[in-house]
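Contents: one structure, followed by commentary.
The values are calculated or read from the model by the stated rules, or taken from the named source; none is laboratory data. Everything numeric here is computed off the predicted structure, so don't read it as measured data. For neighbour counting, all protein chains shown are included, and Cβ atoms are generated from backbone atoms with ideal geometry for every residue, glycine included.
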Amino acid sequence: MIGFVGIAMIFVMVFGGYLAAGGKMGIILKSLPFEFTMIGGAAAGAFVISNDVAAIKHTLKDISRVFKGPRWKPEDYKDLLCLLFELIRQARQNAVALEEHIETPDESVIFTKYPRILADREAVELICDTMRSASMNYDDPHKVEEVLEKRIEASFHRAQHPSHALQTVADGLPALGIVAAVLGVIKTMGSIDQPPEILGKLIGGALVGTFLGVFLAYGLVGPFANKLKTVVEEDAHFYQLIREVLVANLHNHSTNICIEVGRQNTPGHVRPSYSTLEAALKDLKKDAA
């Protein structure tokens, strides 16, 4: 919702200020379809050239996240800590029984309690692969931690690509606006014998290209890229939390300490309180009893 409010503010302030200053929308509206076709079409073509099909689909899909915000909410962080608590406790009580949960998570009675987490294949595979490594009696937890860090970094890099692609488009839009404006000037020079009132409209139409390129770059596409980057960075904390808890488990800390390490490393605005998490863990213990 806040994204739509921002867009509305941009249009109201820019065009409202223009009209309040005595500007007329006639020239802009007349030239806008042609200028937008040139600038928007060229930007779309450059975007297609510089990205493969998978990246294009990924970027178009992620644009909605500008308005939806981060995927993971405070409740999801609490559920993740509860899920990891159950898995670590199961691993220490009966390592053999843990295999059915990490080998077939879709059928696991533990994973199915948390459908939002189960639906994210990256999170599930990260948990299962690391728990599987722990069951192989790795003698150096630091090696597993290094593998985890590289895996999360690679995933984060892929997730950042749509924001980089949009930012590249934003960087090119002002130049494409100049291209459209130059074409407008060329058109004007072909009518140099016309009276001043006609030439004025032609020059004004040409300048719409410059305006549109800069407006789209700094008013819409650039902010979209920045917001998408922020959302991806926010969601990355979810996977960092998995790493923190599972690495603590590899160091043989107690189950409660592992979970508390994760809770303490969760960003404050999504971190469950100690009492809230403790109550949720007590409920899990009662259900298991």
Matching residues, segment 71-125, being assigned to a loop (DSSP other than H, G, I, E, B), more than 22 Å from residue 240 (Cβ to Cβ) and of a type in the set (Val, Ile, Thr):
104, 109
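Restricting attention to segment 42-79, report how many residues are in contact with a Leu (Cβ under 9 Å, 6 or more places away or on another chain), of a type in the set (A, V, I, L, M) and more than 30 Å from residue 264 (Cα to Cα).
Within segment 42-79, the subset in contact with a Leu (Cβ under 9 Å, 6 or more places away or on another chain) is 42-43, 46-47, 59, 62-63, 65-66, 72, 77-78.
Retained after the next criterion (residues that are of a type in the set (A, V, I, L, M)): 42-43, 46, 63, 66.
Filter once more, keeping what is more than 30 Å from residue 264 (Cα to Cα): 42-43, 46, 63.
Adding up the residues that qualify gives 4.
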The condition from (1) surrounded by 11 or more Cβ atoms within 10 Å (Cβ to Cβ); (2) under 22 Å from residue 208 (Cβ atoms); (3) not hydroxyl-bearing (Ser, Thr, Tyr) that residue 62 misses is numbered (2)
Filtered residues of segment 1-57 (kept if outside any helix (DSSP H, G or I), more than 18 Å from residue 207 (Cα to Cα) and free of Cβ contacts under 8 Å to residues at least 40 places away in the same chain):
52
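Using the structure shown, decide if residue 210 is part of a helix (DSSP H, G or I), touching a helix residue (DSSP H, G or I) at 6+ places or on another chain (Cβ under 8 Å), of a type in the set (S, T, N, Q) and farther than 30 Å from residue 129 by Cβ. Can you show your working first?
Working: part of a helix (DSSP H, G or I): yes; touching a helix residue (DSSP H, G or I) at 6+ places or on another chain (Cβ under 8 Å): yes; of a type in the set (S, T, N, Q): yes; farther than 30 Å from residue 129 by Cβ: yes.
Yes: the conditions hold for residue 210.
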Filtering segment 157-184 down to residues that are loosely packed, with under 15 Cβ neighbours inside 10 Å and either touching a strand residue (DSSP E or B) at 6+ places or on another chain (Cβ under 7 Å) or more than 15 Å from residue 214 (Cβ to Cβ) (or both) yields 157, 158
Just wondering, is there one or more residues in segment 58-66 that are within 20 Å of residue 246 (Cα to Cα) and among the small types (Gly, Ala, Ser)?
no
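How many residues are in a helix (DSSP H, G or I) and surrounded by fewer than 11 Cβ atoms within 10 Å (Cβ to Cβ) when one looks only at segment 239-282? Explain how you work it out, then say what you get.
Residues of segment 239-282 in a helix (DSSP H, G or I): 239-250, 255-264, 274-282.
Still in the list and also surrounded by fewer than 11 Cβ atoms within 10 Å (Cβ to Cβ): 264, 275, 282.
Final tally of qualifying residues: 3.
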Meets criteria (assigned to a helix (DSSP H, G or I), crowded, with 18+ Cβ neighbours inside 10 Å and acidic (Asp, Glu)) for residue 233:
no
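If you check residue 148 against the conditions, is it at pLDDT below 90, closer than 28 Å to residue 229 by Cα and under 25 Å from the mean Cα position of the chain (by Cα)?
Numbers: at pLDDT below 90: yes; closer than 28 Å to residue 229 by Cα: yes; under 25 Å from the mean Cα position of the chain (by Cα): yes.
For residue 148, the condition - at pLDDT below 90, closer than 28 Å to residue 229 by Cα and under 25 Å from the mean Cα position of the chain (by Cα) - is met.
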